[in-house]
Each structure stands twice: as C-alpha cells, then as structure tokens.
Amino acid sequence: MNSLQDSFSTALQLIASGDAALWAIIGRSLAVSSLATLLGFAIGAALGTWLAIAQFKGRGLLVVALNAWLALPSVVVGLLVYLLLSRSGPLGFLGWLFSFKAMVLAQTVLVLPIVAAWVRQTIEEADGAHGEQLRSMGAGRGMRGLLMLLDERFVLLTIGIAAFGRAIAEVGAVMMVGGNIDGFTRVMTTAIALETSKGDLPLALGLGMVLMLIVLALNALVALIKGQREQREMLAA
C-alpha cells in the first residue's frame, strides 16, 4: 500500500466483502472470549459471594491475594498457564498447549479475579444493607448470597460485560499459550500484532476497526444498563 488512506480503504473492503480470513479470526476471538467469560464468571461469582458472606480465619489474606491477582500482567498469567500445560507441567498430559482450550483457560484465569473482586464488593455492600433483615427471616448464608445475587443482577450483568471486554482485548497470554497459529489459534489481538509487524496494514486495520466497534458496543451496553438501573431505583423510591 502506498498510503494510509489506501490501507483504510482496503480494510473497509475486507470487512464489507466478508473476507473469509478476517471473519474467521473474528469468530474465533468471540468464541474464545465468550467461553472464557462464562467460565470465569461462574467461578468468580461463586468465589466472590463466598468471600463476602463467609467468616473464617485467613479471609483477609484471601481478599488481599485476590486483589493482587487483579494486578498481574497478562504475560505473567500466560507464563503460569504455559508452565501448567507444558509437557513437564502438572497438566501437560492434557495436550492443550497451543490450542483453543489453552487460550480459553488463559482468558478464564484473567477474568476470574475481576469478577470475584467486584462480586465480593457488591455482595458485601448488599449484605450490609439487607443482611440483617434476611437473617431475621431465617435465611442462611447460602440463601442470603443467592438472594443478593439475584437482587444485584444488573450489577452482575455489568461485571460480565466488563469481563468480556477484558478477555477479548487481551493479547499477551493467548499468544503465549495459543501460539498464534493461522487458522487454529489466531485471534484478533494476536493477528493485529503479527500483521502490523509484517507490514500487512489492511488486515490489521480491519481487525482493529471491528475490535473497536465491539468495545464501543460493550461500553454503550453498560451505559444502557446503568441508565435502566437508575430509572428502576427512582421508580422504586
């Protein structure tokens, strides 16, 4: 390409024409991140609720460890998952390294602490506001946690959307454990990095545009959910 304008024009043509390579990468990215978000949300929500409701020795240390987990760089998470799945690692017998499953596992490890930390905070605040009333009605810890999860479903949906955004925008961990193999483990972020280094700007720009649209759509959805929640609270008041 002779100019940036030509690259943008070609990128738009790739998107509009339904370029097979481009849309295969997009579809694989959505599949990996969606599955990782579902797994991470299920485990993280259960862990966060348990930490919010349960009282036991060492709970504070677990909360600190969870918050520290949030700050781990994605490449460190990728390294840990790589070591787990390598031939000499404890999960090497699974044969998942450089596969779709390995990328799902890496992204699950990334989004899990986000969900767990936010759910813990949400449930703790809800328990402080309504826990005494529920206890007076005979609700045990498990029932209180479940009822508060249901009551805070709008917040949980926002957390899930944020977790998906974190997963689909990640590059370091999936590149390390997936190998960025064309047609098998190449996703949007890893393809953008590779194609840019090769000088193939149209494909990189096309994938970048789609990724930006997805991120914008997620943020718009969060804003919509927040507005509906505020309107619901105003009507309830």
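Here, each number is a calculation from the coordinates, and none is a lab measurement. Predicted model, so just to flag it, every value in this text is computed and none were measured. Heads up, the Cβs are rebuilt from the backbone with ideal geometry, glycines too, and the neighbour counts pull from every protein chain shown.
Below 8 Å between Cα atoms, with a sequence gap of 6+, how large is the relative contact order for the chain in percent? Let's see the in-between values first.
Numbers: 272 pairs, mean separation 72.8, N = 237.
Relative contact order for the chain comes out at 31 percent.
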If every Lys and Arg gets +1 and every Asp and Glu gets -1 at its Cβ, then about the Cα centre the chain yields a dipole, in debye to the nearest 20, of 680
In degrees between 0 and 90, to the nearest 10, how far off the longest principal axis of the chain does helix 59-70 point, with axes built from Cα atoms? 20
Taking the Cα centroid of the range 126-173 and of the range 49-73, what is the distance between the two, rounded to the nearest whole Å? 15
Beta carbons within 10 angstrom, averaged per residue: use that to sort the peptides 43-50, 150-157, highest first. 43-50, 150-157
Between helix 4-16 and the chain: long-axis angle, C-alpha atoms, 0 to 90°, nearest 10: 70
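Once you order the gyration tensor axes a ≥ b ≥ c over the Cα atoms, which shape class does the range 34-171 get: rounded for a/c under 1.5, otherwise prolate or oblate by comparing a/b with b/c? Walk me through the numbers before you get to the answer.
Values: a/c = 2.50, a/b = 2.02, b/c = 1.24.
Note, shape of the range 34-171 comes out prolate.
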What number comes out for the charge environment of F41, summing +1 per Lys or Arg and -1 per Asp or Glu over other residues with Cβ under 13 Å away? +2
Taking Cα atoms, the helix 188-198 axis meets the longest principal axis of the chain at an angle in degrees (rounded to 10) of 30
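Around T10, what is the net charge, scoring Lys/Arg as +1 and Asp/Glu as -1 over all other residues with Cβ under 14 Å from its Cβ? Intermediate values should be presented prior to the final figure.
Values: positive: none; negative: D6, D19, E195, D200.
Local charge sum for T10: -4.
Quote the charge dipole size of the range 155-230 about the Cα centre in Debye, to the nearest 20; the model charges only the Cβ of Lys and Arg (+1) and of Asp and Glu (-1). Can you show the working numbers first?
Working: 5 positive and 5 negative charges, 44 e Å.
In debye, rounded to 20, the range 155-230 gives about 220.
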Out of F154, A126, G142 - ranked by how far each Cα lies towards the positive end of the dipole of the chain, with unit charges on the beta-carbon of charged residues - the top one is G142
Is it possible to state the helix-based mean residue ellipticity at 222 nm for the chain, with each DSSP H run of 4+ residues giving -39500 (n - 2.57), the sum divided by total residues, to the nearest 500 deg cm²/dmol? What is it? -27000 deg cm²/dmol
Can you find, among F8, L62, G48, the residue farthest towards the positive end of the dipole of the range 1-130? Put +1 on the C-beta of Lys and Arg, -1 on that of Asp and Glu. L62
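Classify the range 31-75: rounded, prolate or oblate, from the alpha-carbon gyration tensor (a ≥ b ≥ c, eigenvalue square roots; a/c under 1.5 rounded; otherwise prolate if a/b is larger than b/c)? Each step should come with its number before you reach the end.
On the way: a/c = 4.90, a/b = 1.53, b/c = 3.21.
The shape class here is oblate.
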Shape of the chain, Cα gyration tensor, a/c cut at 1.5: oblate
So what's the gap between the Cα centers of the range 190-214 and the range 9-24, to the nearest angstrom? 11
Sorting E124, E132 on the 10 Å Cβ count, fewest up front, what's the list? E132, E124
Among I26, I123, I225, the residue with the largest mean-square fluctuation in a Gaussian network model of the chain built from Cα contacts under 10 Å is I225
